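Data first, discussion second: the structure below is written as structure tokens.
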Amino acid sequence: MLTQTTVGQAAEYFQLLSLEASCDQQEFWDYLILHHDEKAYEFQELVSTVSKENQRIVYPTKNQDLQFSLDVAKMLADFYLHYCTWVSEASYHPKRILDIGCDNGILTCFYAFLYPEAEVVGIDKTKDGIRIASELATRLGLTNITFQQMDYRNIRRLYPSDSFDMITSVRVFHEIIGTLPVPLYWSLEEFLRTSPLSSDYRYLEIIEELLTEDGVYLSTERLESPAALGLWSNMLEAVDLSIDWESSSFIEFHETGVRQKAPIVVATQSNRGKPTMEGITQLYLRNVENKAIGSFSSVAAELMFHQQEPKQFQTGRLLKFHDHWYQIRYEIWSTDTAILVYGCGNMGYRKLEILPLAETEKAYLIVEELFGQYSEQAAVGSYTSLEEREELSD
Ligand SMILES: C[S@@+](CC[C@H](N)C(=O)[O-])C[C@H]1O[C@@H](n2cnc3c(N)ncnc32)[C@H](O)[C@@H]1O
């Protein structure tokens, strides 16, 4: 439950900026065109075609002037509000804050507003972002903030080790190290245990070096699946930062009316962090009712299935869809107290039914029914051991 004061601080800040979320895409573009005419058309044209070149010029186009930059941010204003509310509620007391990839400074200025006793530094590689961010700080009368144009990868030239006790990055690292690659996989646990890290994880070493021993690194990156979040956790671990899974959380918000969810990942230098799979399970199942008997879907189904130990495989059926790589397995497993029907696809589909042992017959009927709905679109097979399953899946 949020207290009045903390909700108030984020809401008050966005009132100061007169920044309100657009609830609908059309409304967003109509507003932008009405108030900014040519700039709005230019920006619309740019974001409607995804290309490397457009990506490069999107920031200078968006950051032509402060009001245009703030009006474009209406698209993300609900995200900003939820993120800032979470930060203020978390009750940190930082003295020196670094915001990596600060862009127009909306979040950086919020930190300076929220922590008036702290010194805040925002860095970004784009000149226009830094110019607009400085204008925003001036408009808000903030004196505890500075902005510097620089590539994050060169920041160690300016700041010695242990310079900051709070470091933040919001939607930035996909631009520095690329989107984390998540191929088709059957088991999240196996994927995270066996996936090698790309050497780019070394850029996170900079954060570990800049962070004080008791400091905190808050990242809200584009980690849209548990596998991407797991890779991020493995990368942090590889540079001796570990996720505090209990403090980490999801925020829910909308982007022009479309519901979204993003993790706020809290990492520290402490090596008391849980192994990635355990942490992910804790985070994703936090609000899922822990039913001994019941149905689960999506990520919760896989994590609940993983938790049922010890379990014995009984039997399985495989669908290999014609003309593409998709495969689905429907399997029956048993534990001492329950019978499990687990549906699992290599494209991410997951479904779990946990039934009382006495309902074994029902479990077989469920498999028949699930299997039957696709069997005409796929080659089919059955297996009675996990070795046989491997041979069939190839
Ligand atoms: C999607 S924006 C996010 C901006 C801001 N954090 C927010 O959420 O409003 C990503 C920002 O990261 C900056 N950026 C990308 N690579 C960078 C690098 N190597 N060094 C510094 N900034 C970088 C971009 O210029 C851009 O302003």
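The values are calculated or read from the model by the stated rules, or taken from the named source; none is laboratory data. Here the structure is a predicted model, which is why all the values come from computation and not from measurement. Cβ placement follows ideal geometry from the backbone for every residue including glycine, while neighbour counts extend to all protein chains displayed. Each accessible area value is taken on the protein alone, full model and side chains, heavy atoms only, with ligands, DNA and RNA left out. Shrake-Rupley method; radii C 1.70, N 1.55, O 1.52, S 1.80 Å.
Scanning residues 5 or more positions from Phe147 or on other chains, those with amide H under 5 Å from its amide H are Gly122, with H placed 1.01 Å from N in the peptide plane. Bin width 10 Å, origin at 0, all Cα-Cα pairs of the stretch 224-356: what percent of pairs per bin? That works out to 11, 33, 32, 21, 3, in percent per bin. Across the stretch 22-73, Cα-Cα distances exceeding 14 Å account for 49% of all pairs.
Residues whose amide H comes within less than 5 Å of that of Glu119, counting only those at least five positions distant or on another chain, are Arg96, Ile97 (H built at 1.01 Å from N in the peptide plane).
A cut-off of 5 Å between modelled amide H atoms, ignoring neighbours fewer than 5 places along the same chain, links Trp186 with no other residue.
Across the stretch 22-73, the relative contact order, built from alpha-carbon pairs under 8 Å that are at least six residues apart, equals 28 percent.
Do you know the relative contact order of the chain, to the nearest whole percent, from alpha carbon pairs under 8 angstrom that are 6+ apart? With pairs under 8 Å counted, the relative contact order is 12 percent.
For the stretch 22-73, which whole percent of the accessible surface, found with a 1.4 angstrom probe, sits on carbon and sulfur atoms? Carbon and sulfur atoms account for 52 percent of the accessible area of the stretch 22-73. For Leu76, what is the net charge nearby, where nearby means another residue's Cβ is under 11 Å from its Cβ and Lys, Arg count +1, Asp, Glu -1? With Lys, Arg at +1 and Asp, Glu at -1, the net is -1.
In sequence order, the stretch 365-377 has phi-based couplings of 5, 4, 4, 4, 5, 5, 4, x, 5, 10, 4, 7, 9 Hz under the Karplus curve 6.51 cos²θ - 1.76 cosθ + 1.60, θ = phi - 60°, and Gly or Pro positions carry x. Across all directions, the shadow cast by the convex hull of the chain built on its C-alpha atoms averages 22.0 square nanometres. Computed from backbone phi with θ = phi - 60° and the Karplus coefficients 6.51, -1.76 and 1.60, the 3J(HN,Hα) list for the stretch 204-214 is 6, 4, 4, 5, 4, 6, 6, 7, 5, 4, 9 Hz; x is used for glycine and proline.
Ser187 sits among other residues whose Cβ lies under 10 Å from its own Cβ, and their net charge, with Lys and Arg +1 and Asp and Glu -1, is -2. Whole-Hz Karplus values for the stretch 338-344 come out as 8, 10, 10, 10, 10, x, 8 Hz, taken residue by residue from phi with 6.51 cos²θ - 1.76 cosθ + 1.60 and θ = phi - 60°; glycine and proline positions read x.
For the stretch 294-393, the relative contact order comes to 31 percent (Cα pairs under 8 Å, sequence separation of at least 6). Once the Cα-Cα distance is subtracted from the 0.36 nm per residue extended length, the Glu205 to Leu365 segment shows a gain of 52.4 nm.
Just so you know, the Rg over Rh for the stretch 102-211 is 1.07, from Cα atoms, with Rh as the Kirkwood radius.
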